[in-house]
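Just so you know, all these numbers are worked out from the coordinates, no wet-lab data involved. The model shown is predicted, which means the values in this text are computed figures rather than measured ones. Glycine also receives a Cβ, built like all others from the backbone with ideal geometry; neighbour counts cover every protein chain displayed.
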Amino acid sequence: MQNYHIIEVVYIPPTATLPERIKIHSPRFKEGFYINYNDYEHDHTLNIAIKDLKLKGFEIIGYGQRSHGWNIISTTFKPFKQS
């Protein structure tokens, strides 16, 4: 059976002090990072996350919707900080 790296993606709306953001989190490596949503021309949250992960060298093979975001499925097993 194949093992995959599940990466969580959540849209975070703006607050009084912070702009809208996208949170990308890896439960496997217990780390994550934020993408400033306004740096993109209002593309879909999932598309932005996939593009960013691909630029970091992650091979994306699929995704699934959750109640509060998405799970991206990758065959790449490495922490974000090394990307």
Enumerate the amide H contacts of Ile61 below 5 Å, restricted to partners 5 or more residues apart or on another chain; note that Pro and chain-start residues carry no placed amide H. Ile73, Ser74, Thr75
Could you go through the stretch 52-67 in sequence order and give the Karplus-derived ³J(HN,Hα) for each residue, using 6.51 cos²θ - 1.76 cosθ + 1.60 with θ = phi - 60°, rounded to whole Hz, and x for Gly and Pro? 5, 5, 5, 5, 8, x, 8, 8, 9, 10, x, 7, x, 7, 10, 5
If R₀ is 35 angstrom, what is the calculated FRET efficiency for the pair Thr17 and Asn47, using the beta carbon separation as r and rounding to 0.05? 0.85
Phi to ³J(HN,Hα) by Karplus 6.51 cos²θ - 1.76 cosθ + 1.60 over the stretch 10-24, Hz, x for Gly, Pro: 9, 7, 10, x, x, 10, 5, 10, 10, x, 5, 9, 10, 9, 10
Interchain or long-range residues, amide H under 5 Å from Phe29's placed H: none
Estimated FRET transfer efficiency (Gln65, Phe33; beta-carbon r; R0 22 Å; 0.05): 0.55
